[in-house]
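Chemist: Just passing along the structure, written as structure tokens.
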Amino acid sequence: MIVSTPASGKEKILHKFEGGTDGSAPRTGLLADGGGTLYGTTFVGGGETGCFEGTRYGCGTVFEVLNGRTETVLHAFAGGCDGAWPAGGVISDADDNLYGTTASGGICNSDDGYGTVFKLAPGGAESVLYAFQGADDGSAPVGNLVSDTNGNLFGTAAYGGETGGCGGPGCGVVFEVSAAGGETVLHTFLGGEDGSEPEGGLIMDGSGNLFGTTSDGGGSANCDGGCGTVFEVAPDGTETILYDFQGDTDGCLPMAGLITDGAGNFYGTTEACGAADYGTVFKLTPDGSETILHSFQAGSDGELPLAGVVMDEAGDLYGTTPYGGGTGCRKQGSGCGTIFEVTAKGREKILYAFSNGRGSYPAAGLLLGMHGDMYGTTAFGGKGDNGVVFELKR
């Protein structure tokens, strides 16, 4: 594990959110179509009025950035039946429909709700495919969705399931929502060695097996309630724990989903633990052997990664940390966050360190462009501290 001399790429701001109708606080990564249009969500914003009691700026948006310069809000969530607070990004189908989740809303005529799975047609018409009830069906879906060839959608809900577990709200579920809108719970987490609180999205292999992480649970006693897991759920709902984090140098609290390479290895991040207790980038082989590719050291190196990583053709990994990169960021004393590269041999390089005026707190992963450029969002910084959409040129 070698830390290289920090280096900087060139950042270009594609959009600065203003916090009103255009949205605010994007916490998720971006999707690109064949023409280069970028799509994403903002957690709040989209309206001049509040969303639920005590909140401001609307209930979140789905937006597009066209040709790297013009932002359009495709849908502004209104709470109630419509859903609120999209904490995950969007995926698309062959007909250019967008699909995603909201962490709250879904109950009509109520400032409440347990989240939704939604569909957004190309013309902007939104339909709620499923509204969670907060019971055995799950609650608070905050990760990205994945779809199969039949248009069925798969995801995780951080809470719900068998109510009464994990302190009352349930330990979370893996769910399937059909194209027609029916939900099936594929696996209910029970806490303990089984894992709990899955906050990242899923990936699917060619046989329909689903893979993800739980941010809590597992068998280790080194963390309160467990240090997190990597799991597999087969099409019949059978769960297998592929790795149980121990809360030591191996990392703990994986908040994001996974990626995989052609050899069946998995790659991801943990928010905490590692050699310096500031999080890790890890590799997990098909037989369950873990290798730490990088342990974050804080300061200029970055710290506490919330998002996962992406991989280029050479096998190098890229991601973000919401903290670190330097000093002088008023929200984070150790810096406004970083974009980093970790090679397959574990050599880390800081490609960019954010400053508050040009974005801060990148909580989402990156999108790799055709020529090695990277696209992403920051939740804060920019105009009025409402976040930005950026491009990093290599």
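The values are calculated or read from the model by the stated rules, or taken from the named source; none is laboratory data. Computed from a predicted structure; not experimentally measured. Here the Cβ is made from the backbone with ideal geometry for all residues, glycine too, and neighbour counts use every protein chain on show.
Chemist: When you go through Glu232, Glu271 one by one, which is the residue that is within 19 Å of the chain's Cα centre (by Cα), among the charged types (D, E, K, R), under 28 Å from Ala344 (Cβ atoms) and surrounded by fewer than 24 Cβ atoms within 10 Å (Cβ to Cβ)? Reasoning before the result, please.
Modeler: Numbers: Glu271 fails: surrounded by fewer than 24 Cβ atoms within 10 Å (Cβ to Cβ).
Answer to the selection: Glu232.
Chemist: Name the residue, out of Thr21, Thr49, Thr37, Thr70, that is polar (S, T, N, Q), modelled with pLDDT under 70 and surrounded by fewer than 24 Cβ atoms within 10 Å (Cβ to Cβ).
Modeler: Thr49
Chemist: Within the stretch 235-266, which residues are charged (D, E, K, R), under 22 Å from the mean Cα position of the chain (by Cα) and either part of a loop (DSSP other than H, G, I, E, B) or buried (at least 24 other Cβ atoms within 10 Å of the Cβ) (or both)?
Modeler: Listed by number, the residues that qualify are Asp250, Asp261.
Chemist: Given the options Leu351, Leu367, name the one that is surrounded by fewer than 24 Cβ atoms within 10 Å (Cβ to Cβ) and under 17 Å from Thr28 (Cα atoms).
Modeler: Result of the check over Leu351, Leu367: Leu367.
Chemist: Any residue at all in the stretch 165-176 that's out of contact with any Leu (no Cβ under 8 Å at 6 or more places or on another chain), small (Gly, Ala, Ser) and at pLDDT 95 or above?
Modeler: From the stretch 165-176, those out of contact with any Leu (no Cβ under 8 Å at 6 or more places or on another chain) are 166-170, 172; that's our starting set.
From what's left, small (Gly, Ala, Ser): 167-168, 170, 172.
From what's left, at pLDDT 95 or above: 172.
Taking every residue of the stretch 165-176 in turn, at least one turns out to be out of contact with any Leu (no Cβ under 8 Å at 6 or more places or on another chain), small (Gly, Ala, Ser) and at pLDDT 95 or above.
Chemist: Between residues in the stretch 267-291 that are closer than 14 Å to Ser215 by Cα and in a loop (DSSP other than H, G, I, E, B) and residues that are modelled with pLDDT of 95 or more and acidic (Asp, Glu), which pairs lie under 6 Å by C-beta distance while being six or more apart or on different chains?
Modeler: Sorted first by the residue in the stretch 267-291, then by its partner, the pairs are Gly279/Glu271.
Chemist: Then there's this: Tell me which residues, restricted to the stretch 174-188, are hydroxyl-bearing (Ser, Thr, Tyr) and more than 21 Å from the chain's Cα centre (by Cα).
Modeler: Ser178, Thr184
Chemist: If we scan the stretch 310-323, do we find a residue that is β-branched (Val, Ile, Thr), under 19 Å from the mean Cα position of the chain (by Cα) and surrounded by fewer than 22 Cβ atoms within 10 Å (Cβ to Cβ)?
Modeler: yes
Chemist: When you look at Glu193, is it at pLDDT below 95 and either among the small types (Gly, Ala, Ser) or over 19 Å from Leu120 (Cα atoms) (or both), yes or no?
Modeler: Considered against the rule, which asks whether it is at pLDDT below 95 and either among the small types (Gly, Ala, Ser) or over 19 Å from Leu120 (Cα atoms) (or both), Glu193 comes out as yes.
Chemist: Something else now. Those residues that are over 20 Å from the mean Cα position of the chain (by Cα) and either surrounded by 22 or more Cβ atoms within 10 Å (Cβ to Cβ) or within 17 Å of Thr116 (Cβ to Cβ) (or both), I need them from the stretch 189-227; list them, please.
Modeler: Result: Gly191, Gly218, Gly226.
Yes/no matrix, rows are residues, columns are (1) at negative phi; (2) at pLDDT below 95; (3) basic (Lys, Arg):
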{"residue": "Asp93", "(1), (2), (3)": "yes, no, no"}
{"residue": "Tyr99", "(1), (2), (3)": "yes, no, no"}
{"residue": "Thr102", "(1), (2), (3)": "yes, no, no"}
{"residue": "Asp112", "(1), (2), (3)": "yes, yes, no"}
{"residue": "Ala121", "(1), (2), (3)": "yes, no, no"}
{"residue": "Gly124", "(1), (2), (3)": "no, yes, no"}
{"residue": "Ala140", "(1), (2), (3)": "no, no, no"}
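Chemist: Sticking with this one: For residues that are touching a strand residue (DSSP E or B) at 6+ places or on another chain (Cβ under 6 Å), over 19 Å from Ala179 (Cβ atoms) and crowded, with 23+ Cβ neighbours inside 10 Å, tally how many sit in the stretch 74-88.
Modeler: Looking only at that region, the number is 5.
Chemist: Right, something else. List the pairs whose first member sits in the stretch 213-224 and is of a type in the set (Val, Ile, Thr), whose second member is outside any loop (DSSP other than H, G, I, E, B), and whose Cβ atoms are under 6 Å apart, counting only residues at least 6 apart or on separate chains?
Modeler: Taking only residues 6 or more apart or on different chains, the pairs are Thr213/Val230; Thr214/Ser196; Thr214/Thr229.
Chemist: Return yes or no: is Cys108 more than 22 Å from Ile203 (Cα to Cα) and in a loop (DSSP other than H, G, I, E, B)?
Modeler: It is true that Cys108 is more than 22 Å from Ile203 (Cα to Cα) and in a loop (DSSP other than H, G, I, E, B).
Chemist: Pick out the one residue from Val177, Val173, Val128 that is among the β-branched types (Val, Ile, Thr) and surrounded by fewer than 18 Cβ atoms within 10 Å (Cβ to Cβ).
Modeler: Numbers: Val177 fails: surrounded by fewer than 18 Cβ atoms within 10 Å (Cβ to Cβ); Val173 fails: surrounded by fewer than 18 Cβ atoms within 10 Å (Cβ to Cβ).
Result: Val128 is the single residue among Val177, Val173, Val128 that is among the β-branched types (Val, Ile, Thr) and surrounded by fewer than 18 Cβ atoms within 10 Å (Cβ to Cβ).
Chemist: Pull up the stretch 62-115, narrow it to residues that are closer than 20 Å to Val388 by Cα and of a type in the set (Ser, Thr, Tyr), then point me to the one that is nearest to the chain's Cα centre (by Cα).
Modeler: Ranking the candidates gives Thr72 first.
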